[in-house]
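Inspection log for the structure reproduced underneath, given as structure tokens.
Just so it is clear, none of the values below were taken in a lab; they were calculated from the coordinates. The structure presented is a predicted model; accordingly, all values stated were derived computationally and were not measured. Here Cβ is always computed from backbone atoms with ideal geometry, including for glycine, and neighbour counts include all displayed protein chains.
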Amino acid sequence: MKIALIQGHPDPAGGHFCHALADAYAQAAREGGHEVRPIEVAQLEFPLLQSAAQWEGDVPPGPILGAQETLAWAQHVVIVFPLWLGDMPARLKGFLEQALRPGFAIGKAQPGRFWKKLLGGRSARLIVTMGMPAFFYRVYYRAHSVKSLQRNILEFCGISPVRSSLVGTIDSATARQIALAKIQMLGRAGK
């Protein structure tokens with residue numbers, strides 16, 4: 001399996017639990033015989049898009065073009081990020097807006113038709129960390145931001161199925177150990 005691993009934590013210094021999860025997934029995937037190419041969003045230089053004209057017409061910056069090459073190569077996409085204010089960090093959202101543009105992720109809609117999904121044939125896994133219990137996020141908040149990323153962004157581009165692993169109560173050492181073991185199992189299996 002060819003896996004693009006998107007590290008979506010916005011801190012370029014690293015050292016967060018998201019980084020430990022991504023590293024554990026990548027190592028286990030390689031041990032399982034899979035090929036992994038990382039994309040470190042915090043290390044990429046790119047501007048935020050400010051208009052539909054930019055999104056539809058401008059050529060993406062060089063680092064985004066490189067990320068698009070990795071996404072085009074991949075059969076499976078893993079995105080790791082922390083839940084911030086109930087959603088993905090703004091830098092990750094900005095990256096996705098830059099990378100998943102018309103002509104790469106979606107084809108322009110024809111009159112009376114939907115956008116063409118250009119990234120079909122790929123699956124995805126979302127690994128999301130949070131301070132609250134994951135069960136509470138699923139039940140009380142209905143995992144709205146994860147569902148939005150799944151349906152409104154990834155499936156819109158043709159990536160399906162999209163599965164999620166919610167990692168809650170990350171201040172607990174026990175919860176971290178359990179999460180790392182689960183993520184390693186997923187990595188070995190290429191899921």
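Quick check on my filter: what residues within region 53-69 are assigned to a loop (DSSP other than H, G, I, E, B) and either more than 24 Å from G121 (Cβ to Cβ) or of a type in the set (A, V, I, L, M) (or both)? Please lay out each step first, then the result.
Looking only at region 53-69, we keep the residues that are assigned to a loop (DSSP other than H, G, I, E, B), and these are 58-61.
Within region 53-69, D58, V59, P61 qualify.
Residues checked against (1) farther than 28 Å from Y137 by Cα; (2) surrounded by 21 or more Cβ atoms within 10 Å (Cβ to Cβ); (3) touching a residue at least 40 places away in the same chain (Cβ under 8 Å); (4) basic (K, R):
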| position | (1), (2), (3), (4) |
| --- | --- |
| I3 | no, yes, yes, no |
| Q7 | no, yes, yes, no |
| F17 | no, no, yes, no |
| E40 | no, no, no, no |
| L48 | yes, no, yes, no |
| E56 | yes, no, yes, no |
| V59 | yes, no, no, no |
| W84 | no, no, no, no |
| M88 | no, yes, yes, no |
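List the number of the failed condition for T169; all other conditions in (1) within 19 Å of the chain's Cα centre (by Cα); (2) at positive phi hold.
Here T169 meets the rest and fails (1).
I'd like to check something: does region 12-20 contain any residue that is under 26 Å from H144 (Cβ atoms) and assigned to a loop (DSSP other than H, G, I, E, B)?
yes
Would you check which residues across region 90-99 are crowded, with 23+ Cβ neighbours inside 10 Å and either within 11 Å of the chain's Cα centre (by Cα) or in contact (Cβ under 8 Å) with a residue 40 or more places away in the chain (or both) and list them? Even if it seems obvious, please write down each step before you answer.
Pass one, region 90-99, residues crowded, with 23+ Cβ neighbours inside 10 Å: 92, 95, 98-99.
If the condition is that a residue be crowded, with 23+ Cβ neighbours inside 10 Å and either within 11 Å of the chain's Cα centre (by Cα) or in contact (Cβ under 8 Å) with a residue 40 or more places away in the chain (or both), then L92, F95, Q98 are the ones that fit.
Can you find, within region 155-184, the residue that is farthest from G86 (Cα to Cα) among those that are in a loop (DSSP other than H, G, I, E, B) and polar (S, T, N, Q)?
Of region 155-184, the ones in a loop (DSSP other than H, G, I, E, B) are 158-161, 168-172.
Subsequent filtering for residues that are polar (S, T, N, Q) retains 160, 169, 172.
Values: S160: 23, T169: 15, S172: 20 Å.
The extreme case among them is S160.
Consider G187 carefully, then state whether it is assigned to a loop (DSSP other than H, G, I, E, B) and small (G, A, S). Step through it out loud before you land on a result.
Numbers: assigned to a loop (DSSP other than H, G, I, E, B): no; small (G, A, S): yes.
So G187 fails the test.
Go through region 144-167 residue by residue and tally those that are without any contact (Cβ under 8 Å) to a residue 40 or more places away in the chain, buried (at least 20 other Cβ atoms within 10 Å of the Cβ) and either of a type in the set (G, A, S) or more than 23 Å from H16 (Cα to Cα) (or both).
2
Out of all the residues in region 1-11, which are touching a Leu at 6+ places or on another chain (Cβ under 6 Å) and either farther than 19 Å from G94 by Cβ or assigned to a strand (DSSP E or B) (or both)? Please lay out each step first, then the result.
In the first step, residues of region 1-11 are kept if they are touching a Leu at 6+ places or on another chain (Cβ under 6 Å); the result is 4, 8.
The answer is A4, and nothing else.
Look at region 70-92 and say how many of its residues are assigned to a loop (DSSP other than H, G, I, E, B) and within 12 Å of L5 (Cα to Cα).
Here is the first cut: in region 70-92, the ones assigned to a loop (DSSP other than H, G, I, E, B) are 74-75, 83, 85-86, 88-89.
Still in the list and also within 12 Å of L5 (Cα to Cα): 74-75.
Number satisfying all stated conditions: 2.
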